[in-house]
1. Please state, to two decimals, what the Cα-based radius of gyration of the stretch 97-203 comes to when divided by 2.2 N^0.38 Å (N = residues).
2. What accessible area per residue comes out for the stretch 153-228, rounded to a whole number of Å², with a 1.4 Å probe?
3. What's log10 of I(q)/I(0) for the stretch 141-289 at q = 0.09, 0.18 Å⁻¹, Debye sum over Cα points only, no solvent?
4. Applying the Karplus parametrisation 6.51 cos²θ - 1.76 cosθ + 1.60 with θ = phi - 60° to the phi angles of the stretch 130-147, what ³J(HN,Hα) value in whole Hz is obtained for each residue in order, glycine and proline being reported as x?
5. How much length is gained on full extension from Thr47 to Thr193, taking 0.36 nm per residue of separation minus their Cα-Cα distance?
6. Among Gly231, Ala256, Tyr187, which residue has its Cα furthest toward the positive end of the charge dipole of the stretch 154-270, with +1 on Lys/Arg Cβ and -1 on Asp/Glu Cβ?
7. How big, in percent, is the set of alpha carbon pairs in the stretch 187-245 lying more than 13 Å apart?
8. What list of ³J(HN,Hα) couplings, whole Hz, do you get for the stretch 254-267 from phi and the Karplus terms 6.51, -1.76, 1.60, once you set θ to phi - 60° and write x for glycine and proline?
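The values are calculated or read from the model by the stated rules, or taken from the named source; none is laboratory data. Keep in mind it's a predicted model, so treat the numbers as computed, not measured. Here the Cβ positions follow ideal geometry from the backbone for every residue, glycine too, while neighbour counts run over all protein chains shown. Accessible surface is based on the protein model in full, side chains and every heavy atom, while ligands, DNA and RNA are left aside. Shrake-Rupley method; radii C 1.70, N 1.55, O 1.52, S 1.80 Å.
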Amino acid sequence: MKKIFFMLLLLFLSIKPAHAAEWLLQYNPDPDPNANQIRAVWGPSGTEVFSVGDYGTILHTIDNGTSWSTMTSGISQTIYGVWGSSASNVFAVADQGKIVLYNGSIWSAMTSSATKRLRDVWGTAANNVFAVGEDGYILHYDGISWSPMTSPTTLTLQAVWGTAANNVYAVGGPSGSATGTGVIIKYEGSTWTEIYTDPTIVRFHGVWGSSDDDVFVVGQDGSILHTTDAGLNWSAIPNPVQDSTVTLRNIWGTSASDIYVVGEGSLAGYGGSIILHYDGSNWNVMNNPISSLPSPANSSSGIKLHGVWGSASNNVFAVGETYIEEDGITRHGTILHYTESQPTSSTTSMPTTSVSSSSSTTSSIIATTTTTQPPSTTTSSVATSTTTTSLPPATTTTTSITPVSTTTTTTTPTPSYTLSVYPGAVWVSWFFPRPFVRLLISGTNVNFDETKLVEIEGAPPIKRFEHVSSTVMFVRAWIPPKLLIGKGAKRVMVQSGDQTYVGRLEIQ
(Lines give C-alpha, C1' and ligand atoms only; values in the text may rest on other atoms or scores of the structure.)
Protein backbone atom coordinates (compact mmCIF):
# COMPACT_ATOMS: atom_id res chain seq x y z
CA MET A 1 0.00 0.00 0.00
CA LYS A 2 1.25 3.39 -0.89
CA LYS A 3 2.12 5.53 2.10
CA ILE A 4 -0.68 7.81 2.97
CA PHE A 5 0.35 11.35 3.42
CA PHE A 6 -1.32 14.30 4.88
CA MET A 7 -0.99 16.79 7.52
CA LEU A 8 -0.84 17.38 11.19
CA LEU A 9 -3.47 19.92 12.19
CA LEU A 10 -3.81 21.63 15.52
CA LEU A 11 -7.48 21.63 16.52
CA PHE A 12 -8.71 24.23 18.96
CA LEU A 13 -11.83 23.77 21.00
CA SER A 14 -11.92 26.66 23.41
CA ILE A 15 -14.90 27.80 25.36
CA LYS A 16 -14.14 30.48 27.91
CA PRO A 17 -16.96 31.97 29.99
CA ALA A 18 -16.57 35.63 30.86
CA HIS A 19 -14.33 36.29 33.87
CA ALA A 20 -13.10 32.68 34.05
CA ALA A 21 -9.46 32.56 35.15
CA GLU A 22 -6.98 30.17 33.64
CA TRP A 23 -3.33 29.25 33.36
CA LEU A 24 -2.52 28.11 29.84
CA LEU A 25 0.23 25.55 29.26
CA GLN A 26 2.76 26.57 26.62
CA TYR A 27 5.42 24.07 25.59
CA ASN A 28 9.13 24.63 25.39
CA PRO A 29 9.84 24.55 21.63
CA ASP A 30 13.42 23.38 22.14
CA PRO A 31 13.48 19.67 21.15
CA ASP A 32 16.73 19.02 23.01
CA PRO A 33 15.84 16.66 25.89
CA ASN A 34 18.73 18.13 27.88
CA ALA A 35 16.92 21.46 28.08
CA ASN A 36 14.74 20.06 30.80
CA GLN A 37 14.31 23.02 33.09
CA ILE A 38 13.40 26.64 32.49
CA ARG A 39 14.78 28.62 35.40
CA ALA A 40 13.65 32.22 35.07
CA VAL A 41 11.44 34.56 33.08
CA TRP A 42 11.42 38.33 32.49
CA GLY A 43 10.26 40.73 29.83
CA PRO A 44 10.62 44.37 28.82
CA SER A 45 6.91 44.51 27.97
CA GLY A 46 3.75 42.46 28.01
CA THR A 47 4.35 41.15 24.51
CA GLU A 48 8.13 40.52 24.58
CA VAL A 49 9.37 38.00 27.14
CA PHE A 50 12.60 36.02 27.70
CA SER A 51 12.79 32.62 29.43
CA VAL A 52 16.14 31.02 30.32
CA GLY A 53 17.26 27.60 31.49
CA ASP A 54 19.53 24.59 31.26
CA TYR A 55 22.35 24.21 28.71
CA GLY A 56 22.34 27.88 27.77
CA THR A 57 18.67 27.80 26.74
CA ILE A 58 17.08 31.17 25.98
CA LEU A 59 13.51 31.30 24.70
CA HIS A 60 11.94 34.44 23.29
CA THR A 61 8.43 35.57 22.44
CA ILE A 62 7.29 38.80 20.85
CA ASP A 63 3.61 37.91 20.71
CA ASN A 64 2.81 37.54 24.40
CA GLY A 65 3.60 33.85 24.50
CA THR A 66 1.57 32.68 21.54
CA SER A 67 4.80 31.36 20.01
CA TRP A 68 8.32 30.92 21.40
CA SER A 69 11.60 30.76 19.50
CA THR A 70 15.01 29.53 20.63
CA MET A 71 17.79 32.12 20.74
CA THR A 72 21.54 31.47 20.53
CA SER A 73 23.06 32.35 23.89
CA GLY A 74 26.64 31.47 23.02
CA ILE A 75 27.10 29.48 26.24
CA SER A 76 26.30 25.92 27.30
CA GLN A 77 26.03 26.53 31.04
CA THR A 78 22.71 26.59 32.87
CA ILE A 79 21.26 30.11 32.93
CA TYR A 80 19.57 30.92 36.24
CA GLY A 81 18.52 34.55 35.99
CA VAL A 82 17.44 37.16 33.48
CA TRP A 83 16.66 40.88 33.77
CA GLY A 84 17.00 43.95 31.61
CA SER A 85 16.65 47.70 31.63
CA SER A 86 15.06 47.60 28.16
CA ALA A 87 14.42 45.29 25.21
CA SER A 88 17.90 46.08 23.90
CA ASN A 89 19.76 45.73 27.19
CA VAL A 90 19.03 42.34 28.77
CA PHE A 91 21.37 40.49 31.15
CA ALA A 92 21.41 36.74 31.79
CA VAL A 93 23.60 35.07 34.45
CA ALA A 94 24.69 31.45 34.54
CA ASP A 95 26.84 28.71 36.01
CA GLN A 96 30.64 29.21 36.18
CA GLY A 97 30.15 32.97 36.48
CA LYS A 98 29.00 33.36 32.87
CA ILE A 99 27.13 36.56 31.97
CA VAL A 100 25.63 37.32 28.56
CA LEU A 101 24.09 40.55 27.28
CA TYR A 102 21.39 40.99 24.64
CA ASN A 103 21.62 44.22 22.63
CA GLY A 104 18.36 43.79 20.78
CA SER A 105 19.91 41.66 18.05
CA ILE A 106 22.37 39.13 19.50
CA TRP A 107 23.55 37.74 22.82
CA SER A 108 27.25 38.24 23.60
CA ALA A 109 29.51 37.26 26.48
CA MET A 110 30.50 39.86 29.09
CA THR A 111 33.79 39.94 30.96
CA SER A 112 33.81 39.52 34.72
CA SER A 113 35.97 38.04 37.44
CA ALA A 114 33.21 35.64 38.48
CA THR A 115 33.85 31.90 38.38
CA LYS A 116 31.09 30.79 40.72
CA ARG A 117 27.50 29.96 39.84
CA LEU A 118 25.41 33.10 39.52
CA ARG A 119 21.78 32.57 40.53
CA ASP A 120 20.01 35.86 39.83
CA VAL A 121 20.32 39.33 38.35
CA TRP A 122 18.39 42.57 38.91
CA GLY A 123 18.97 46.27 38.57
CA THR A 124 17.50 49.73 38.51
CA ALA A 125 19.10 50.93 35.27
CA ALA A 126 21.54 49.91 32.55
CA ASN A 127 24.41 51.22 34.68
CA ASN A 128 23.27 49.80 38.02
CA VAL A 129 22.89 46.02 37.93
CA PHE A 130 23.46 43.41 40.65
CA ALA A 131 24.19 39.69 40.23
CA VAL A 132 24.34 37.22 43.13
CA GLY A 133 25.31 33.58 43.53
CA GLU A 134 27.25 30.87 45.33
CA ASP A 135 29.21 31.49 48.52
CA GLY A 136 27.60 34.88 48.98
CA TYR A 137 29.16 36.19 45.77
CA ILE A 138 27.87 39.62 44.63
CA LEU A 139 28.75 41.51 41.45
CA HIS A 140 27.86 45.05 40.41
CA TYR A 141 27.74 46.48 36.89
CA ASP A 142 28.18 50.24 36.46
CA GLY A 143 27.48 50.36 32.74
CA ILE A 144 31.14 49.71 31.86
CA SER A 145 32.37 46.69 33.82
CA TRP A 146 31.41 44.12 36.44
CA SER A 147 33.17 44.30 39.80
CA PRO A 148 32.82 42.16 42.97
CA MET A 149 31.20 43.61 46.09
CA THR A 150 31.94 42.74 49.69
CA SER A 151 29.35 40.29 50.95
CA PRO A 152 28.36 39.73 54.60
CA THR A 153 27.62 36.03 54.01
CA THR A 154 29.20 32.93 52.52
CA LEU A 155 25.82 31.25 51.96
CA THR A 156 24.50 30.89 48.42
CA LEU A 157 22.38 33.86 47.41
CA GLN A 158 19.40 32.67 45.38
CA ALA A 159 17.66 35.92 44.47
CA VAL A 160 18.13 39.68 44.34
CA TRP A 161 15.53 42.45 44.08
CA GLY A 162 14.97 45.99 45.24
CA THR A 163 12.97 49.19 44.94
CA ALA A 164 15.83 51.62 44.32
CA ALA A 165 19.61 51.85 43.92
CA ASN A 166 19.97 52.22 47.69
CA ASN A 167 17.36 49.66 48.69
CA VAL A 168 18.27 46.17 47.43
CA TYR A 169 17.59 42.79 49.04
CA ALA A 170 19.27 39.42 48.43
CA VAL A 171 18.18 36.12 49.99
CA GLY A 172 19.59 32.60 50.19
CA GLY A 173 20.90 29.79 52.33
CA PRO A 174 23.13 26.70 52.18
CA SER A 175 23.87 25.12 48.81
CA GLY A 176 22.30 21.90 47.60
CA SER A 177 20.99 19.56 50.29
CA ALA A 178 23.14 21.06 53.03
CA THR A 179 21.40 22.06 56.23
CA GLY A 180 21.79 25.50 57.71
CA THR A 181 20.10 28.84 58.08
CA GLY A 182 18.23 31.03 55.65
CA VAL A 183 19.66 34.52 55.27
CA ILE A 184 18.47 37.96 54.12
CA ILE A 185 20.95 40.73 53.34
CA LYS A 186 20.36 44.33 52.28
CA TYR A 187 22.22 47.05 50.38
CA GLU A 188 21.45 50.67 51.25
CA GLY A 189 23.85 52.44 48.93
CA SER A 190 27.24 51.82 50.49
CA THR A 191 27.57 48.30 51.97
CA TRP A 192 25.69 45.02 52.14
CA THR A 193 24.49 44.07 55.63
CA GLU A 194 23.03 40.86 57.00
CA ILE A 195 19.64 41.85 58.38
CA TYR A 196 17.96 38.51 59.15
CA THR A 197 18.69 34.82 59.66
CA ASP A 198 16.21 32.11 60.49
CA PRO A 199 17.46 28.80 61.93
CA THR A 200 14.04 27.20 61.34
CA ILE A 201 14.13 27.82 57.57
CA VAL A 202 16.98 26.20 55.66
CA ARG A 203 16.86 28.37 52.57
CA PHE A 204 15.13 31.42 51.08
CA HIS A 205 14.58 31.39 47.33
CA GLY A 206 12.73 34.54 46.28
CA VAL A 207 12.13 38.14 47.26
CA TRP A 208 9.71 40.81 46.02
CA GLY A 209 7.73 43.71 47.40
CA SER A 210 5.37 46.49 46.44
CA SER A 211 7.48 49.03 48.35
CA ASP A 212 10.34 49.20 50.85
CA ASP A 213 7.80 48.82 53.65
CA ASP A 214 6.02 45.86 52.05
CA VAL A 215 8.51 43.11 51.15
CA PHE A 216 7.94 39.34 51.00
CA VAL A 217 10.49 36.51 51.07
CA VAL A 218 9.63 32.89 50.18
CA GLY A 219 11.53 29.66 50.71
CA GLN A 220 11.69 26.13 52.12
CA ASP A 221 8.84 24.47 54.00
CA GLY A 222 6.29 26.65 52.22
CA SER A 223 7.54 29.62 54.22
CA ILE A 224 6.56 33.24 53.51
CA LEU A 225 8.08 36.09 55.51
CA HIS A 226 6.91 39.70 55.45
CA THR A 227 8.34 43.03 56.58
CA THR A 228 6.50 46.33 56.89
CA ASP A 229 9.45 48.33 58.24
CA ALA A 230 12.14 48.06 55.58
CA GLY A 231 13.53 44.78 56.88
CA LEU A 232 13.95 45.65 60.55
CA ASN A 233 11.44 43.00 61.59
CA TRP A 234 10.11 39.95 59.77
CA SER A 235 6.99 37.93 60.50
CA ALA A 236 5.92 34.51 59.23
CA ILE A 237 2.76 34.61 57.11
CA PRO A 238 0.37 31.64 57.36
CA ASN A 239 -0.51 30.11 54.00
CA PRO A 240 -2.22 26.91 52.81
CA VAL A 241 0.97 25.11 51.71
CA GLN A 242 3.15 25.40 54.80
CA ASP A 243 4.69 21.94 54.92
CA SER A 244 8.11 20.32 54.98
CA THR A 245 7.49 18.85 51.52
CA VAL A 246 6.93 22.27 49.91
CA THR A 247 9.51 24.65 48.45
CA LEU A 248 8.41 28.11 47.30
CA ARG A 249 10.93 29.30 44.73
CA ASN A 250 9.92 32.67 43.34
CA ILE A 251 7.59 35.59 43.92
CA TRP A 252 6.31 38.50 41.83
CA GLY A 253 3.35 40.84 41.93
CA THR A 254 1.75 43.98 40.60
CA SER A 255 0.74 45.48 43.94
CA ALA A 256 0.31 44.74 47.63
CA SER A 257 -2.99 43.01 46.79
CA ASP A 258 -1.93 41.02 43.72
CA ILE A 259 1.04 38.70 44.33
CA TYR A 260 2.00 35.35 42.74
CA VAL A 261 4.28 32.68 44.26
CA VAL A 262 5.45 29.49 42.52
CA GLY A 263 7.10 26.30 43.74
CA GLU A 264 6.56 22.60 44.20
CA GLY A 265 5.77 19.97 46.78
CA SER A 266 4.06 16.69 47.50
CA LEU A 267 1.66 18.10 50.08
CA ALA A 268 -1.49 15.95 49.97
CA GLY A 269 -4.29 17.55 48.00
CA TYR A 270 -2.16 20.11 46.18
CA GLY A 271 -0.29 18.09 43.56
CA GLY A 272 3.27 18.58 42.36
CA SER A 273 3.53 22.15 41.10
CA ILE A 274 2.16 24.97 43.24
CA ILE A 275 1.00 28.47 42.37
CA LEU A 276 -0.20 30.76 45.15
CA HIS A 277 -2.03 34.06 44.77
CA TYR A 278 -2.37 36.79 47.39
CA ASP A 279 -5.29 39.22 47.06
CA GLY A 280 -4.32 41.48 49.93
CA SER A 281 -6.14 39.37 52.52
CA ASN A 282 -5.68 35.67 51.75
CA TRP A 283 -3.15 33.34 50.17
CA ASN A 284 -4.95 30.87 47.90
CA VAL A 285 -3.80 27.97 45.73
CA MET A 286 -4.50 28.56 42.05
CA ASN A 287 -5.61 25.91 39.60
CA ASN A 288 -2.86 25.01 37.13
CA PRO A 289 -2.76 22.38 34.36
CA ILE A 290 0.38 20.49 35.47
CA SER A 291 -0.14 20.17 39.22
CA SER A 292 -0.89 16.44 39.13
CA LEU A 293 1.06 15.35 36.05
CA PRO A 294 4.02 13.02 36.67
CA SER A 295 7.42 14.64 37.20
CA PRO A 296 10.84 13.28 36.25
CA ALA A 297 12.36 10.59 38.45
CA ASN A 298 14.82 13.07 39.97
CA SER A 299 12.01 15.36 41.17
CA SER A 300 9.85 13.22 43.42
CA SER A 301 8.59 16.26 45.32
CA GLY A 302 6.81 17.55 42.23
CA ILE A 303 7.25 19.50 39.02
CA LYS A 304 9.36 22.46 40.05
CA LEU A 305 8.16 25.89 39.02
CA HIS A 306 11.27 28.05 39.26
CA GLY A 307 10.25 31.49 38.10
CA VAL A 308 7.31 33.88 37.84
CA TRP A 309 7.03 37.31 36.22
CA GLY A 310 4.41 39.39 34.50
CA SER A 311 3.61 42.76 33.04
CA ALA A 312 0.15 43.09 34.58
CA SER A 313 -2.33 41.19 36.75
CA ASN A 314 -3.81 39.61 33.62
CA ASN A 315 -0.49 38.75 31.96
CA VAL A 316 1.72 36.52 34.12
CA PHE A 317 4.22 33.80 33.15
CA ALA A 318 5.45 30.90 35.30
CA VAL A 319 8.27 28.61 34.18
CA GLY A 320 9.70 25.32 35.37
CA GLU A 321 10.97 21.86 34.64
CA THR A 322 10.11 18.82 32.56
CA TYR A 323 6.87 16.95 33.14
CA ILE A 324 5.49 13.66 31.81
CA GLU A 325 2.05 13.47 30.28
CA GLU A 326 -0.37 10.74 31.32
CA ASP A 327 0.15 8.99 28.00
CA GLY A 328 3.91 8.83 28.60
CA ILE A 329 5.16 11.69 26.42
CA THR A 330 7.85 13.81 28.08
CA ARG A 331 7.66 17.57 27.63
CA HIS A 332 10.99 19.30 28.16
CA GLY A 333 10.44 22.42 30.20
CA THR A 334 7.29 24.22 31.27
CA ILE A 335 5.89 27.64 30.40
CA LEU A 336 2.56 28.61 31.93
CA HIS A 337 0.72 31.80 30.97
CA TYR A 338 -2.01 33.44 33.02
CA THR A 339 -4.22 35.79 31.03
CA GLU A 340 -7.24 36.56 33.16
CA SER A 341 -7.72 39.39 35.60
CA GLN A 342 -9.61 37.47 38.27
CA PRO A 343 -7.72 34.43 39.65
CA THR A 344 -9.57 31.22 40.34
CA SER A 345 -8.27 29.71 43.55
CA SER A 346 -8.91 27.01 46.10
CA THR A 347 -7.89 26.80 49.72
CA THR A 348 -8.98 23.20 50.15
CA SER A 349 -7.63 21.09 47.31
CA MET A 350 -6.10 21.33 43.89
CA PRO A 351 -8.28 19.99 41.09
CA THR A 352 -7.16 17.11 38.98
CA THR A 353 -5.59 18.38 35.83
CA SER A 354 -5.41 17.47 32.22
CA VAL A 355 -2.83 16.68 29.60
CA SER A 356 -2.03 17.70 26.08
CA SER A 357 -2.21 15.79 22.83
CA SER A 358 -0.15 12.61 22.74
CA SER A 359 0.95 13.19 19.18
CA SER A 360 4.61 13.75 18.39
CA THR A 361 4.05 17.44 17.77
CA THR A 362 4.71 20.41 19.98
CA SER A 363 1.52 22.28 20.72
CA SER A 364 1.68 25.95 21.53
CA ILE A 365 -1.61 26.53 23.30
CA ILE A 366 -3.94 24.55 25.50
CA ALA A 367 -7.35 26.01 26.29
CA THR A 368 -9.13 25.38 29.56
CA THR A 369 -12.81 25.96 30.16
CA THR A 370 -14.18 26.62 33.63
CA THR A 371 -17.91 26.95 34.21
CA THR A 372 -18.99 28.30 37.56
CA GLN A 373 -21.58 30.82 36.44
CA PRO A 374 -25.37 30.42 36.16
CA PRO A 375 -26.69 29.29 32.77
CA SER A 376 -25.43 31.69 30.16
CA THR A 377 -24.09 31.95 26.64
CA THR A 378 -20.65 33.44 26.08
CA THR A 379 -18.43 33.99 23.10
CA SER A 380 -14.65 34.39 22.93
CA SER A 381 -11.90 34.33 20.35
CA VAL A 382 -8.71 32.30 20.39
CA ALA A 383 -5.35 32.64 18.68
CA THR A 384 -4.12 31.31 15.35
CA SER A 385 -1.56 28.51 15.37
CA THR A 386 0.26 26.89 12.44
CA THR A 387 2.21 23.65 12.86
CA THR A 388 4.42 21.75 10.43
CA THR A 389 5.74 18.37 11.48
CA SER A 390 6.47 14.83 10.41
CA LEU A 391 4.73 11.73 11.62
CA PRO A 392 6.75 8.66 10.59
CA PRO A 393 6.11 6.70 8.56
CA ALA A 394 3.64 9.08 6.99
CA THR A 395 4.68 12.26 5.22
CA THR A 396 3.12 15.58 6.10
CA THR A 397 2.24 18.93 4.66
CA THR A 398 1.60 22.24 6.35
CA THR A 399 -2.00 23.02 7.12
CA SER A 400 -3.31 25.91 9.15
CA ILE A 401 -6.34 25.96 11.35
CA THR A 402 -7.64 29.41 12.14
CA PRO A 403 -9.87 29.10 15.16
CA VAL A 404 -12.71 31.57 15.22
CA SER A 405 -15.28 32.44 17.79
CA THR A 406 -16.43 29.52 19.90
CA THR A 407 -19.70 29.44 21.75
CA THR A 408 -20.78 27.51 24.80
CA THR A 409 -24.40 27.01 25.65
CA THR A 410 -24.91 26.14 29.28
CA THR A 411 -28.07 24.82 30.85
CA THR A 412 -28.42 24.00 34.54
CA PRO A 413 -24.74 23.25 35.23
CA THR A 414 -23.54 21.87 38.52
CA PRO A 415 -22.04 24.90 40.36
CA SER A 416 -18.59 23.31 40.75
CA TYR A 417 -18.57 21.82 37.28
CA THR A 418 -15.28 22.12 35.39
CA LEU A 419 -14.62 20.78 31.91
CA SER A 420 -11.51 21.27 29.77
CA VAL A 421 -11.45 20.45 26.07
CA TYR A 422 -7.89 20.18 24.77
CA PRO A 423 -6.47 20.48 21.26
CA GLY A 424 -6.09 17.32 19.29
CA ALA A 425 -4.08 16.47 16.23
CA VAL A 426 -5.21 14.98 12.95
CA TRP A 427 -3.09 11.91 12.34
CA VAL A 428 -2.40 9.79 9.28
CA SER A 429 -1.48 6.24 10.23
CA TRP A 430 0.55 3.73 8.23
CA PHE A 431 -1.56 0.95 9.61
CA PHE A 432 -4.95 2.57 9.11
CA PRO A 433 -5.93 4.01 5.74
CA ARG A 434 -7.86 6.93 7.13
CA PRO A 435 -6.70 9.94 9.13
CA PHE A 436 -8.33 10.55 12.46
CA VAL A 437 -8.76 13.42 14.87
CA ARG A 438 -7.80 12.91 18.49
CA LEU A 439 -9.32 15.10 21.19
CA LEU A 440 -8.49 15.11 24.88
CA ILE A 441 -11.19 16.01 27.36
CA SER A 442 -10.39 16.49 31.00
CA GLY A 443 -11.62 18.10 34.17
CA THR A 444 -12.99 17.64 37.66
CA ASN A 445 -16.48 16.54 38.62
CA VAL A 446 -16.95 15.38 35.02
CA ASN A 447 -19.16 12.41 34.24
CA PHE A 448 -17.28 10.93 31.30
CA ASP A 449 -20.10 8.44 30.69
CA GLU A 450 -22.17 11.41 29.58
CA THR A 451 -19.37 13.10 27.60
CA LYS A 452 -19.16 12.51 23.88
CA LEU A 453 -17.93 13.94 20.62
CA VAL A 454 -21.23 14.67 18.93
CA GLU A 455 -20.26 15.91 15.51
CA ILE A 456 -17.43 16.89 13.19
CA GLU A 457 -19.11 18.47 10.20
CA GLY A 458 -18.46 16.62 6.97
CA ALA A 459 -17.33 13.45 8.71
CA PRO A 460 -19.27 10.18 8.78
CA PRO A 461 -21.11 9.19 11.96
CA ILE A 462 -18.68 9.36 14.85
CA LYS A 463 -16.86 6.18 15.79
CA ARG A 464 -15.17 6.59 19.12
CA PHE A 465 -12.14 5.07 20.71
CA GLU A 466 -11.85 6.04 24.37
CA HIS A 467 -9.50 5.64 27.25
CA VAL A 468 -11.06 6.89 30.46
CA SER A 469 -9.28 7.57 33.71
CA SER A 470 -10.52 9.56 36.65
CA THR A 471 -9.49 12.83 35.01
CA VAL A 472 -9.14 12.39 31.28
CA MET A 473 -10.87 10.89 28.25
CA PHE A 474 -9.29 10.39 24.84
CA VAL A 475 -11.70 10.55 21.90
CA ARG A 476 -10.63 9.37 18.46
CA ALA A 477 -12.81 9.84 15.39
CA TRP A 478 -12.07 8.88 11.78
CA ILE A 479 -11.89 11.77 9.32
CA PRO A 480 -12.37 11.34 5.55
CA PRO A 481 -9.46 12.75 3.50
CA LYS A 482 -11.84 14.96 1.55
CA LEU A 483 -12.61 16.82 4.76
CA LEU A 484 -8.95 17.81 5.03
CA ILE A 485 -8.67 18.76 1.38
CA GLY A 486 -11.74 20.95 1.19
CA LYS A 487 -11.45 24.48 2.47
CA GLY A 488 -13.88 26.23 4.74
CA ALA A 489 -15.18 26.04 8.27
CA LYS A 490 -16.17 22.74 9.85
CA ARG A 491 -18.32 22.62 12.96
CA VAL A 492 -17.09 20.54 15.90
CA MET A 493 -19.40 19.73 18.80
CA VAL A 494 -18.66 18.11 22.16
CA GLN A 495 -21.39 17.39 24.68
CA SER A 496 -21.08 16.52 28.36
CA GLY A 497 -24.33 16.13 30.22
CA ASP A 498 -26.23 19.36 29.70
CA GLN A 499 -23.11 21.19 28.47
CA THR A 500 -22.71 21.64 24.71
CA TYR A 501 -19.41 22.95 23.33
CA VAL A 502 -19.40 24.17 19.75
CA GLY A 503 -16.21 25.15 17.92
CA ARG A 504 -15.43 25.87 14.30
CA LEU A 505 -12.47 24.36 12.49
CA GLU A 506 -11.38 26.40 9.52
CA ILE A 507 -9.18 24.60 6.97
CA GLN A 508 -7.16 26.90 4.74
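1. Here the Cα radius of gyration is 1.07 times the empirical estimate.
2. Here the per-residue accessible area is 34 Å².
3. -0.28, -1.04
4. Karplus values, whole Hz, x for Gly and Pro: 10, 10, 10, x, 4, 6, x, 5, 9, 10, 10, 10, 9, x, 10, 8, 8, 9.
5. The Thr47-Thr193 span can extend by a further 48.8 nm.
6. Farthest towards the positive end: Tyr187.
7. The calculated P(r) of the stretch 187-245 puts 64 percent of pairs beyond 13 Å.
8. Karplus values, whole Hz, x for Gly and Pro: 9, 6, 5, 10, 7, 10, 10, 10, 10, x, 7, x, 9, 4.
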